[in-house]
Amino acid sequence: MIERGLAGLIALFAVSACGERDGLVEVAWQFDNAKLERIYPVSDIPDTCGLESQSGIRYDLRVRLSIIENTPACLSDPTNPDCLVLAPSLFPCNRFRGTVRGVPVSMLDDGTDPGYLMVVEAEIDPTDTPSFVPNASCLSAPGPRVRAVRPGRITDLEVYQFIVSGIESQGALLDIDMCRPTEDGGDGDGDGDGDGDGDGDGDGDGDGTGTDSTT
């Protein structure tokens, strides 16, 4: 019985040690209209599920987090699948905070820590067509944030502010067709590389470089 108990404790410690090698990443978000009036959360709608558009087609407005290797190549092409640390996480439309678990630590074998590029995008998911990341004339997003992920720690990306310019005032409906990415209407990636505010702080003032520092 003692040997079995010791074996169980060893197994428990092994699992705990394994889990501590990974970290967690949390992000919160808010949607504001063109006048910077709150759409969600803390508004007159309970979530961003099944919203009505100008065409009558309903859509979900959701948030996606991509954790990307912080290298010059990945910074220039964050859509490259080889740059992904994990598969992108698409959060439910009835939430304004999401957590990604099991994120590998960002520290390299030589002890340096470049952090990861955290790309947070909004996604429109209509009921009649596949989902898409809206172009910048419809919705602007902060740029990537560089954050370190440490063993057993929570990396908090804080609050991302999305400006839904396509909704001019409270109660107005979004033209989701206008929001679809086009060759001359913005690149539609929502990552802040020229189509968002670019400073990564979520305030829409465009006074930065598109990434912020590792913490």
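The values are calculated or read from the model by the stated rules, or taken from the named source; none is laboratory data. Computed from a prediction, not measured in an experiment: that's the story for all the values here. Reconstructed Cβ throughout: ideal geometry from the backbone, glycine too, with neighbour counts over all protein chains shown. The area values use the complete protein model at the heavy-atom level, side chains included, leaving out ligands, DNA and RNA. Shrake-Rupley method; radii C 1.70, N 1.55, O 1.52, S 1.80 Å.
Using r as the Cβ-Cβ distance of Ser137 and Arg101, and R0 as 45 Å, what FRET efficiency do you calculate, to the nearest 0.05?
The value I calculate is 0.80.
In what sequence, largest accessible area first, do Thr112, Thr79, Thr129 appear using a 1.4 Å probe?
Ranking Thr112, Thr79, Thr129 by accessible area, largest first, yields Thr79, Thr112, Thr129.
Using the Karplus curve 6.51 cos²θ - 1.76 cosθ + 1.60 with θ = phi - 60°, what ³J(HN,Hα) values do you get for each residue of region 46-55, in whole Hz, with x for Gly and Pro?
So the J values, rounded to whole Hz, are x, 6, 10, 9, x, 6, 8, 9, 4, 7.
Round to a whole angstrom and tell me the spacing of the C-alpha centers of region 61-81 and region 97-133.
7 Å
Run the numbers for Ala87 and Ser169: contour at 0.36 nm per residue of separation, minus the present Cα-Cα distance, in nm. Walk me through the numbers before you get to the answer.
On the way: separation 82, 0.36 × 82 = 29.52 nm, distance 3.51 nm.
Once the chain is fully extended between Ala87 and Ser169, it gains 26.0 nm.
Please give me the summed charge of the neighbours of Cys93: other residues whose Cβ is under 10 Å from its Cβ, Lys and Arg +1, Asp and Glu -1.
-2
Could you provide, to the nearest whole Å², the per residue accessible area of region 22-179 with probe 1.4 Å? If you can, show how the numbers build up before the last one.
On the way: 7270 Å² over 158 residues.
With all protein chains present, region 22-179 gives 46 Å² per residue.
For the pair Leu24 and Thr127, how long in nm is the line joining their label points, each one 7 Å along Cα→Cβ?
About 3.5 nm, to one decimal.
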